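The structure appears right after this line, and notes come after that.
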Amino acid sequence: MSRSAHPAGPRHADVLPEGHYSAPPADLNALDPKVWAQTVTRDEDGVVTVGGIPVTRLAEEFGTPAYVLDEADFRARARAWRSAFGTEADVYYAGKAFLSRAVVRWLHEEGLNVDVCSGGELATALSAGMPAERIAFHGNNKSVDEITRAVEAGVGHIVLDSFQEIVRVAHIARELGRRQKVLIRITVGVEAHTHEFIATAHEDQKFGIPLAGGQAAEAVRRALQLDGLELVGIHSHIGSQIFDMSGFEVAAHRVVGLLKDVRDEHGVELPEIDLGGGLGIAYTSDDDPREPHEIAKALTEIVSRECEAAKLRTPRISVEPGRAIVGPTAFTLYEVGTIKPLDGLRTYVSVDGGMSDNIRTALYDAEYSVALVSRTSDAEPMLARVVGKHCESGDIVVKDAFLPGDLAPGDLVAVPATGAYCRSMASNYNHVLRPPVVAVEGGEARVIVRRETEEDLLRLDVG
């Protein structure tokens with residue numbers, strides 16, 4: 001390669017150090033099935049389609065930006081998790097990833113339970129017809145009103161997160177004449193290999209009751225003594241976007257150790273163990289997530305082995321996939337607005353959304369893929385940074401990606417694997433309106449969460 005030919009294309013000089021970025025893909029028009037939803041493909045004109053519908057048509061009908069969700073893919077992934085664990089385990093969809101009434105109905109129909117962590121999520125699940133006994137209620141600081149509503153509704157489990165909450169839930173249940181099934185969430189001291197903000201089982205963080213120092217054992221003692229509670233198991237969640245199963249093995253060993261101590265001290269074998277969720281997905285082609293059947297086999301073997309060693313009956317296992325189900329099923333569709341080449345650095349591609357519809361890049365340093373989807377291109381690749389329209393230098397959607405050098409304003413680009421946490425964490429920063437969620441299935445598209453309007457914003461501003 002000559003000094004003047006830069007691998008990022010003609011819009012870049014040759015001053016970036018070798019190894020500063022990965023080599024461009026062999027084909028910028030290819031769509032890696034590991035990253036994109038199952039029905040995504042290109043038609044004969046080179047336009048990306050999902051569920052048989054071209055993205056150009058979706059943009060015309062629903063506008064951009066928009067979250068586009070492949071319903072068939074969502075249902076297939078839900079079924080895969082349900083099938084992998086069978087009837088001897090429970091699969092709770094983690095609603096915090098993305099929750100709407102349509103999603104709750106899909107989950108109900110596919111035989112999954114739902115896990116909520118706020119009064120709003122509980123209201124959504126109940127309003128969409130999810131049976132209360134198939135709902136688990138999480139959270140580190142549930143309010144009295146939230147707990148009361150959960151107990152009155154008859155939720156299947158409340159996950160206790162502190163000593164105060166043990167007493168609070170017991171009191172509310174007793175006042176309502178109920179005996180509420182509960183799990184105790186413990187922190188097992190496992191350092192998950194993930195971002196600090198989404199690692200949840202080391203001791204120095206806000207969730208759970210530490211196993212170390214006997215605190216978890218004391219929580220069990222108190223819960224067993226209170227009339228309003230029926231303690232049925234232990235909950236452990238070690239983090240999010242995890243690919244390595246070794247952390248789950250250590251966590252299961254320690255949780256089963258606590259179950260053994262409970263049996264030895266109280267003569268009680270708790271019948272349930274919830275290992276949480278957190279299994280990773282592919283945001284880029286470099287990610288290599290496990291399939292549900294592999295995860296199910298690994299987790300059930302780990303728990304069975306540990307229980308056999310402790311001479312315990314194997315408890316019923318629960319898992320909580322959220323991202324692993326909804327994450328790969330959606331992409332965010334944007335229109336390119338401006339293109340700004342910075343000589344010797346990269347080209348900044350501004351789209352009509354940004355950190356208000358995807359805060360994860362700014363918050364977690366998350367990596368994403370991006371593709372030109374309204375056409376194909378044979379142009380040389382250029383090293384690009386996809387950014388939003390917000391008044392913030394950290395408003396980055398995709399830090400480093402290769403896009404065709406002939407990219408132009410008005411082109412449509414899409415960022416895959418945005419089904420989890422993007423709409424859930426969306427904001428109105430700069431008073432930007434949150435995008436709609438458009439579900440696509442079998443050649444039909446419908447809005448399941450509508451786009452916000454200026455009227456929506458002003459309605460809350462009471463002057």
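The values are calculated or read from the model by the stated rules, or taken from the named source; none is laboratory data. As the structure is a prediction and not an experimental result, all values here were calculated from the model. No Cβ is skipped: glycine too gets one built from the backbone with ideal geometry, and neighbour counts run over all protein chains shown. Accessible surface is based on the protein model in full, side chains and every heavy atom, while ligands, DNA and RNA are left aside. Shrake-Rupley method; radii C 1.70, N 1.55, O 1.52, S 1.80 Å.
Any idea what the relative contact order of the range 342-463 is, in percent, if you count C-alpha pairs under 8 Å spaced at least 6 apart? List each step's numbers first, then the result.
On the way: 202 pairs, mean separation 31.5, N = 122.
So the answer I get is 26 percent.
Under the convention that each Lys and Arg Cβ holds +1 and each Asp and Glu Cβ holds -1, the size of the dipole of the range 140-183 around its Cα centre is about 200 debye.
Tell me the relative contact order for the range 219-357 as a rounded percent, counting alpha carbon contacts under 8 Å between residues six or more apart.
Details: 168 pairs, mean separation 31.1, N = 139.
Normalised by residue count, the contact order of the range 219-357 is 22 percent.
Each principal axis of the range 200-345 carries a Cα extent, and these read 70, 30, 29 Å when sorted largest first. Counting only protein heavy atoms and a probe of 1.4 Å, the accessible surface of the chain is 48% carbon and sulfur.
Relative to the longest principal axis of the Cα atoms of the chain, the long axis of helix 163-175 lies at roughly 70 degrees.
Which is the longest run of the chain containing none of the GluC sites (Glu not before Pro) found in DSSP loop states (not H, G, I, E, B) with at most 11 other C-beta atoms within 10 Å? Intermediate values should be presented prior to the final figure.
Values: sites that count: E18, E44.
With GluC sites (Glu not before Pro) excluded where exposed in loops, the chain gives 45-463 as its longest stretch.
Of all DSSP beta bridges in the chain, what percent run antiparallel (nearest 5)? Rounded to the nearest five, the antiparallel share is 45 percent.
Relative to the compact-globule scaling 2.2 N^0.38 Å, provide the ratio for the alpha-carbon radius of gyration of the chain. Kindly include the intermediate steps, with their values, before the conclusion.
Details: Rg = 23.9 Å, N = 463, 2.2 N^0.38 = 22.7 Å.
The chain yields a ratio of 1.05.
Helical content alone sets the calculated 222 nm signal of the chain at -8500 deg cm²/dmol, taking -39,500 (n - 2.57) per DSSP H segment of four or more residues and averaging over every residue. With Cα atoms as the point set, the radius of gyration and Dmax of the range 17-153 evaluate to 19.7, 62 Å. Counting only alpha carbon atoms, the long axis of helix 101-110 and the longest principal axis of the chain meet at about 60°. Placing one equal scatterer on every Cα of the range 363-445 and applying the Debye formula, the log10 ratio I(q)/I(0) at q = 0.13, 0.19, 0.21 Å⁻¹ is -0.53, -1.07, -1.23. P(r) for the range 300-359, from all Cα pairs and a bin width of 5 Å, is 4, 12, 11, 11, 10, 8, 8, 6, 6, 7, 7, 6, 3, 0 %, short bins first. What whole-number distance in Å separates the alpha-carbon centres of the range 216-275 and the range 134-170? Here the two parts' Cα centres lie 17 Å apart. Values of log10 I(q)/I(0) for the range 288-435 across q = 0.20 Å⁻¹ run -1.19, by the Debye formula with one identical scatterer at each alpha carbon and no solvent.
If the convex hull of the alpha-carbon atoms of the range 76-125 is projected onto planes in all directions, what is the mean projected area in square nanometres?
Numbers: hull surface 13.2 nm².
Reported value for the Cα convex hull: 3.3 nm².
How much accessible area per residue does the chain have, in Å², with a 1.4 Å probe?
Details: 19800 Å² over 463 residues.
Normalised by residue count, the accessible surface of the chain is 43 Å².
Computed about the Cα centre, the dipole magnitude for the range 423-463 is approximately 120 debye when only Lys and Arg (+1) and Asp and Glu (-1) carry charge, each at its Cβ.
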